[in-house]
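Trainee: Sending over a structure as structure tokens; questions will come in a sec.
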Amino acid sequence: MSDEMTALRMSTIKMGLEAEMNGFRLTSKAPRCFKIIEIEFGIKAKRSAQGKRVAYEEFCKRFGFTPKTDKGATDGGAS
């Protein structure tokens, strides 16, 4: 796989992890993103919200992403 495709895939997995932490899934046809990072990268997530947050932060740290914080996430974009 090319570097660009790998970067796109990692970015999509990161978005999927963020969606799953909020109770959503990107698709019902593919495995959950938390399952993908567990199988492919050995990052295990507990079922709790805190466990998922820890796994998400480990994924971001390992692949050089900046993790989203919870602060300001619920302002609805109002300015």
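Trainee: Tally Lys and Arg at +1 and Asp and Glu at -1 over the other residues with C-beta under 10 Å from the C-beta of Ala45: what net charge comes out?
Mentor: +4
Trainee: Same structure again: Given the options Ala45, Ala55, Ala30, which has the most mean-square fluctuation in a GNM of the chain, springs set between C-alpha atoms less than 10 angstrom apart?
Mentor: Ala30
Trainee: With the convex hull built on the Cα atoms of the range 3-63, state its orientation-averaged projected area in nm².
Mentor: Numbers: hull surface 16.0 nm².
In nm², the orientation-averaged hull projection of the range 3-63 is 4.0.
Trainee: In percent, how large is the relative contact order of the chain, given Cα pairs closer than 8 Å and 6 or more residues apart?
Mentor: 21
Trainee: Also, I was wondering about something else. Gain in length, Met5 to Phe41, computed as 0.36 nm per residue apart minus the alpha-carbon separation, to one decimal in nm?
Mentor: Additional length available on full extension: 11.2 nm.
Trainee: Also, I was wondering about something else. Counting only trypsin sites (Lys or Arg not before Pro) that are in a DSSP loop and have at most 13 other C-beta atoms within 10 Å, tell me the longest site-free stretch of the chain.
Mentor: No qualifying site falls inside 1-24, the longest such stretch.
FYI, it's all coordinate maths here, none of it is from the lab. No experiment lies behind these values; they were computed from the predicted model shown. Using ideal geometry, Cβ is built from the backbone for each residue, glycine included, and neighbour counts are taken over all protein chains shown.
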